[in-house]
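The values are calculated or read from the model by the stated rules, or taken from the named source; none is laboratory data. As the structure is a prediction and not an experimental result, all values here were calculated from the model. Because the Cβ atoms are built from the backbone with ideal geometry, glycine has one as well, and the counts that use them run over all protein chains shown. Heads up: the accessible areas ignore ligands, DNA and RNA and are worked out on the full protein's heavy atoms, side chains in. Shrake-Rupley method; radii C 1.70, N 1.55, O 1.52, S 1.80 Å.
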Amino acid sequence: MSAHDELLRRHRAVLPGWVALYYDEPISLVDGEGRHVVDADGRRYLDFFGGILTTSVGYNLPEIVEPVRAQAGRMVHTSTLYLIEQQIELAERIAARSNIPDAKVFLTSSGTEANEAALLFTTNLRRSNQVLAMRNSFHGRSFGAMAITGNAGWSASGLSPVQVSYLRGAYRYRSPLRDLADDAYIAAHVDDLRELLATTTSGDVACLIAEPIQGVGGFALPPDGFYGAIAEVLAEHGILFVSDEVQTGWGRTGAHEWGIGAHGVVPDAMTFAKGLANGLPIGGIVGRAELIDAVPANSISTFGGNPLAATAALATLDYLDTHDVRANVAREGERLMTALGEATSLPFVGDLRGRGLMVGVELVHPGTGEPDAAAAAAVLDACRAEGLLVGKGGLAGNVLRIAPPMTVTAAEIDHGAGILLDALSAVGRPHDLAGV
């Protein structure tokens, strides 16, 4: 019996059945270095998912581990009832990086909590409980965040603290308008937004919250400029725009610090989490001061921005800047897309998409184009067998999600892409034979 078998038995005995695990035979990761991790049986893997894009710059980096170790030796935690120098410095640096005028920052312990804060702030400022969200979206696992998640597989309840209307257009591959030119595609969805506001709302909507690239939705993205055009309509109605940068922030897309940079608009607020502290739990929202201050009651954040998490975040931002990580993302992301371009000739690969180090491969049944979740699961297993970890997502669970730590090297891209291409070819053979 492997170490994993006993862990799985204990997991199933005490943890909720709805907590998802990858693989028919799940693994436990116990160590890591650079872009590699080691499981409880001592097997080493190249990690192309980074704890769901959270280990942003790699495992066991001295530049991050040493400041965290030193801070842990002094003080792990104190709450926001006291001044926290690291929290204040982190908020200053995030505000400066946001490009939002007069920005303030509220720090939390997760992306879910950050999106909850966004709902609280925008509905209070606008005095409205009407919210716009995108189809195929995901914003977290709390009651309010599920209420604005446009993916039934991740939304456990139809109950909601807000009234939500869902926009089209973020997921182009399965859109009936996908063959339109970019300008026409954007214009059609701007018209649809105007009609939606006139027919499904009373007009005084609080906000739109949207992911520039939909993470759980399978790394789906609209054309560049899409959200800029949408934001123009929002501004006409006084509706606030919140960009959910939980997965796209800190240079993950390569071209910009924030994913929304591809759309030529500065939002009223952005939420963030995951890669900010390279694995320590921290999140938050940065936005216009009027918005962040729109809470007519006392409040605190017990864990948000505590000394340990804030120290890790500051060290991570330092590492991103001193090592010019965003340039590496742009360079290696292009290398990854080029390498995986070979996969598009396979009959069950419907779409290859992404930006920077957020790449999605959508698998479909040849001929029908219907989602093939079983193929995605098989590729996931085949990659693991050869020492590569990747993720999956999409509305039907049929999209491979490739997102290595942003410090990944060219040699690692070539090695990982080679394993993935071999796995795709092996899993695709039954489809090929079926047509013979």
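Odds and ends about this structure:
- Whole-number percent relative contact order across the chain, with pairs defined as alpha carbons under 8 Å at least 6 apart: 21 percent
- Charge tally for residue 29 (other residues, Cβ to Cβ under 9 Å; Lys, Arg +1; Asp, Glu -1): -3.
- Global geometry of the stretch 97-217, whether rounded, prolate or oblate, following the gyration tensor of its Cα atoms and the 1.5 cut on a/c: rounded
- What separates the Cα centres of the stretch 237-266 and the stretch 280-328 is a distance of 16 Å.
- Heavy-atom SASA rank of 272, 143, 138 (probe 1.4 Å, accessible area, largest first): 143, 138, 272
- Residue-count net charge about residue 104 - beta-carbon cut-off 15 Å; Lys, Arg +1, Asp, Glu -1: -3
- The amide H of residue 372, built 1.01 Å from its N in the peptide plane, has 363, 364, 365 as neighbours under 5 Å, considering only residues 5 or more places off or on other chains.
- Formal net charge of residues neighbouring residue 139 (Cβ-Cβ distance under 14 Å; K, R +1; D, E -1): -2
- These residues, 66, 92, 332, 113, go from largest to smallest accessible area, 1.4 Å probe, as 92, 66, 113, 332.
- In the stretch 301-400, Cα pairs under 8 Å separated by at least six residues give a relative contact order of 17 percent.
- Shape category assigned to the stretch 1-150 from the gyration tensor of Cα positions, a/c cut at 1.5: oblate
- Å² per residue, accessible surface of the chain at 1.4 Å: 43 Å²
- Euclidean distance between Cα centres, the stretch 63-89 to the stretch 338-380, Å: 43 Å
- Exposure of residue 173 as accessible area (Å², to 10), given a probe of 1.4 Å and all protein chains: 40 Å²
- Solvent-accessible surface ranking, highest first, for 345, 157 at 1.4 angstrom: 345, 157
- Each residue was assigned an accessible area with a 1.4 Å probe, and for residue 425 the value is about 40 Å².
- Within the listed set 401, 326, 43, the Gaussian network model of the chain (springs between alpha-carbon atoms below 10 Å) gives the highest mean-square fluctuation for 43.
- Near residue 130, the amide H atoms lying under 5 Å from its own belong to 163, 206; only residues 5 or more places off or on other chains count, and H is placed 1.01 Å from N.
- Accessible surface of residue 299 - all protein chains present, 1.4 Å probe, nearest 10 Å²: 90 Å²
- Whole-Hz Karplus values for the stretch 237-245 come out as 9, x, 7, 6, 10, 10, 9, 7, 9 Hz, taken residue by residue from phi with 6.51 cos²θ - 1.76 cosθ + 1.60 and θ = phi - 60°; glycine and proline positions read x.
- Percent accessible area from carbon and sulfur atoms, the chain, protein chains only, probe 1.4 Å: 54 percent
- For residue 155, no residue has an amide H sitting under 5 Å from its own, ignoring neighbours fewer than 5 places away on the same chain, with H placed 1.01 Å from N.
- Rounded to the nearest 20 debye, the dipole magnitude of the chain is 680 debye, with +1 charges on Lys and Arg beta carbons, -1 on Asp and Glu beta carbons, and the Cα centre as origin.
- Alpha-carbon Debye profile of the stretch 308-436, log10 I(q)/I(0) at 0.12 Å⁻¹: -0.49
- Computed over Cα pairs, the Kirkwood radius of the chain leads via Stokes-Einstein (1.002 mPa s, 20 °C) to a diffusion coefficient of 96 µm² per second.
- For the stretch 282-287, Karplus couplings with θ = phi - 60° (6.51, -1.76, 1.60), whole Hz, Gly/Pro x: 7, x, x, 9, 10, x
- Take every Cα pair under 8 Å whose residues are at least 6 apart in sequence, average their separation, divide by the length of the stretch 1-141, and the relative contact order is 12 percent.
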